[in-house]
Structure formats: C-alpha cells, structure tokens
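All remarks here apply to the structure that follows.
The values are calculated or read from the model by the stated rules, or taken from the named source; none is laboratory data. Here the structure is a predicted model, which is why all the values come from computation and not from measurement. A quick note on method: Cβ atoms are made from the backbone with ideal geometry, for glycine too, and the neighbour counts reach across all protein chains shown. Heads up: the accessible areas ignore ligands, DNA and RNA and are worked out on the full protein's heavy atoms, side chains in. Shrake-Rupley method; radii C 1.70, N 1.55, O 1.52, S 1.80 Å.
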Amino acid sequence: QVHLVESGGGLVQPGGSLRLSCAVSGFTVDYYVVGWFRQAPGKEREGVSSSRTRDNSTYYDDSVKGRFTISRDSAKNMVYLQMNNLKPEDTAVYYCAAGYEWVIDREDALEASEYEYWGHGTQVTVSS
C-alpha cells in the first residue's frame, strides 16, 4: 500500500528555514502527484505546493510563492519542501500527500480532497 512519512518539522525563528521531507512508498503507477498541505489551528487545510512526477511541474500557493520550493529525488523516492524566510503565519501542521493524476482535476493540484494518500503530519512552528 502507499505510505507517506513526513519529517523535518520543528521550531524556527521568523526569517529562518526548514526543509521538510516525505518518504513515499508503495506506488504501483509510473506517475502520480505529490503535494504539501498545511493546517493551522482553527483553519481549514490548505494547499501549499504540488508537483507532478510525469513532468516535474510545480505549483505554489500565493502565500508561499518565492519562499518555498518543492523538489523530488526520484531515486530515493523522496519529496522535499524547502521553506525559507519563514513567517509566523506559516505555523501549522504540514502534511505530505499523494494522488493519482487522473483524479486530480485542478491544474495546480492544491485541492486536498483530490488526494488519496496522506502522511501523519509534522509540526512547524515559527516564533521568536
């Protein structure tokens, strides 16, 4: 079965950086879609970034554009989210997700309901 495990969260000061990692296993299709989502207390889960393994296309929510970068290491089956210039409003539980490209209709692949597989989340806290 498909299994996702996130790591790399922690406490960081505003302006600092973190790199989240997601180990992906169990996919039996050649191509799929990966995404990073986050959920802060009292808020809905929101899409942060996504990428399609077929062409390495990437998409970002406006709130993180220019600060976050999604990347993959296909040989290691890893997905990363490099987060720079972190702000207090970035504080949330971050989730790695994966889905099938024939299910995900949105071009930016930032709709959580379109993803089938999820990690358990990793806490990111940005505070001075």
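Just to be sure before I move on: is GLU89 at pLDDT below 95 and either surrounded by fewer than 14 Cβ atoms within 10 Å (Cβ to Cβ) or part of a loop (DSSP other than H, G, I, E, B) (or both) in the structure I sent? Answer is no for this residue. From the list GLU116, GLU46, the one residue that fits, being at pLDDT 95 or above, open to solvent by 30 Å² or more (accessible area, probe 1.4 Å) and closer than 19 Å to GLY9 by Cα, is GLU46. Taking the range 50-86 on its own, how many of its residues are open to solvent by less than 10 Å² (accessible area, probe 1.4 Å), touching a residue at least 60 places away in the same chain (Cβ under 8 Å) and either under 21 Å from ILE104 (Cα atoms) or over 11 Å from the mean Cα position of the chain (by Cα) (or both)? Matching residues across the range 50-86 total 3. The set of residues from the range 1-57 being of a type in the set (Lys, Arg), in contact with a helix residue (DSSP H, G or I) (Cβ under 9 Å, 6 or more places away or on another chain) and outside any loop (DSSP other than H, G, I, E, B) comprises just one member, ARG38. Residues that are without any contact (Cβ under 8 Å) to a residue 40 or more places away in the chain and either open to solvent by 80 Å² or more (accessible area, probe 1.4 Å) or farther than 21 Å from SER128 by Cβ (or both): does the range 10-29 have at least one? Yes, the range 10-29 contains at least one residue that is without any contact (Cβ under 8 Å) to a residue 40 or more places away in the chain and either open to solvent by 80 Å² or more (accessible area, probe 1.4 Å) or farther than 21 Å from SER128 by Cβ (or both). Is there a residue being in contact with a Gly (Cβ under 9 Å, 6 or more places away or on another chain) and among the basic types (Lys, Arg) anywhere in the range 8-30? The answer is yes; a qualifying residue exists. Quick one: would you say ARG106 is part of a strand (DSSP E or B) and over 17 Å from HIS3 (Cβ atoms)? Judged against the criteria, ARG106 is not a match.
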